[in-house]
Amino acid sequence: MDHNRLIFNVFSEKKDRIRSPNFGSHRQFMYRNSNNSKFPDVHADRLALVALLNTLPFVGETLHIGWQVSKKFLEATEIISRINVTSMEGEIEPIERKSSGRHALSFSGGADSTAALAVMPHSTEPVFMLRSESKSRTLYDSQAALESCRQLSRLGYNVHIIESDFEYLRKPIGFPTDLSVSTPAILFAESRGFESIAFGTILESSFGTSGQSFRNYSESSHYRLWARMFDSVGLGYSLPVAGISEVASSIICRNHPIGRVHQSCIRGKWGEPCERCWKCFRKITLMNALDGNEMPTSGMEMIRRSKEVKLRLTEDKPIKHEGVLAYALERASGGGEIAESLRLLTKSGKIKTDWMQHWYPKSVNLIDPSYRNYTESQLMELLGGMNQNQIQTLESWSNNNDNDREEKLVRFLKLIN
Ligand SMILES: [Zn+2]
């Protein structure tokens, strides 16, 4: 701990370097409160959870925590079969969950975490992870997300902006695990008395429908691992929008008063999305559908202009969030021959997509119990629940690449190149 910074040192062993040759023998990552105030004290088990979230993919065999942790934490790590977690000799008391009625949301400024905030209690505190600047900067621009944070503050939310550089542990740059983004919220949980940490994870990710088939997320190894680990440090792991698709999170952002604070594009400035990236492409397509507009030919021309959009549409089989595209292209007519070819590829109009507008009630157990009823009533009011038929369509979701799809893809490729 440096006055306003918290610094972690990571040392690798031979087996780690075999697994992650790029990692090097010693790395650091740090956290800093963006208002430069003193970094709060953090329980040893929560420091260990942060270490685990940021190093797990690089560990060859053993993750040794260089400080004392509780027996409860170490026992919980036994759920990870790939590696062993050990710690400095001696043990400390575990940290129990508070009953403060205060909850955190890992907030990104995008549509999904904004939709999550819209259905969570008003006292929820958004925590934004500000990525440290570097010379090897990617195309990411934090200006729009910081503007989202400012707008939320003006609406009365207590927003925390914590800077970190943990994404530089990975080469190429990226989050070590998908939940690394919540580490600032974990570190501030004790000083703010958070009971739980929520994520803007939507149905396509949790229940697998952005990919080839539906999975029951509550039974997945991802859920069992992280719900257990968060619980071992006295924190709830909460997914308030796990039962809604990208279509529904966009509906919430379009209709709910706080929706205007979000921006999906992480490349453009606030109010000026880049209109070249994959997120912009999906957003424009979906918004035309929700507004009941015709698809402008210019929207489809973006595919020819943008290498990134081209790649996402043709290299991933199926396309990530292909169902969302099928939904949008079914409802926004026109768009010329490219749109028509994309409709064929995504089976738009052939598959049922109306379930995407509603909430999947079986996801209710993924919402933290202390505000579950509140969030459920918000979701029901804003979206309504899926009916039996829609639930069945969702649960039998499968989208495999076969010869028929390959042929359609070849025709689509010819059109856009
Ligand atoms: Zn963009």
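The values are calculated or read from the model by the stated rules, or taken from the named source; none is laboratory data. Bear in mind that the values here come from a model prediction, so they are computed numbers and not experimental data. Don't worry about glycine lacking a Cβ; one is built from the backbone with ideal geometry, like all the others, and counts go over all protein chains shown.
Listed by position, the helices (runs of 4 or more DSSP H) contained in the range 318-417 that have at least 2 residues being within 18 Å of Leu286 (Cβ to Cβ) are 322-331, 336-345. Taking the conditions (1) in a loop (DSSP other than H, G, I, E, B); (2) within 16 Å of the ligand (Cβ to nearest atom) in turn, Gly299 satisfies each one other than (1). Condition check for Ile244 on (1) surrounded by fewer than 23 Cβ atoms within 10 Å (Cβ to Cβ); (2) of a type in the set (A, V, I, L, M); (3) not assigned by TED's automatic domain parsing to the domain that holds Glu163: one failure, at (1). Scan the range 9-34 for residues that are under 25 Å from the mean Cα position of the chain (by Cα) and assigned to a loop (DSSP other than H, G, I, E, B) and jot them down. Across the range 9-34, the qualifying residues are Ser20, Phe23, Ser34. Residue under question is Leu225, and the condition is that it be more than 13 Å from the ligand (Cβ to nearest atom) and not assigned by TED's automatic domain parsing to the domain that holds His122; does it hold? In short, no. Tell me whether the range 270-289 contains one or more residues that are farther than 23 Å from Lys307 by Cα, free of Cβ contacts under 8 Å to residues at least 12 places away in the same chain and either away from the ligand (no atom under 16 Å from the Cβ) or outside any loop (DSSP other than H, G, I, E, B) (or both). So far as the range 270-289 goes, no, none of its residues is farther than 23 Å from Lys307 by Cα, free of Cβ contacts under 8 Å to residues at least 12 places away in the same chain and either away from the ligand (no atom under 16 Å from the Cβ) or outside any loop (DSSP other than H, G, I, E, B) (or both). From the list Arg312, Arg267, the one residue that fits, being under 20 Å from the mean Cα position of the chain (by Cα), within 16 Å of the ligand (Cβ to nearest atom) and not in a helix (DSSP H, G or I), is Arg267. When Pro176 is tested against (1) touching a helix residue (DSSP H, G or I) at 6+ places or on another chain (Cβ under 9 Å); (2) assigned to a loop (DSSP other than H, G, I, E, B); (3) within 19 Å of Gln263 (Cα to Cα); (4) not hydrophobic (A, V, I, L, M, F, W, C), only condition (3) is not met. Considering only the range 373-384, I want to know if a residue exists there that is under 19 Å from Leu325 (Cα atoms) and more than 23 Å from the chain's Cα centre (by Cα). No, every residue in the range 373-384 fails to be under 19 Å from Leu325 (Cα atoms) and more than 23 Å from the chain's Cα centre (by Cα).
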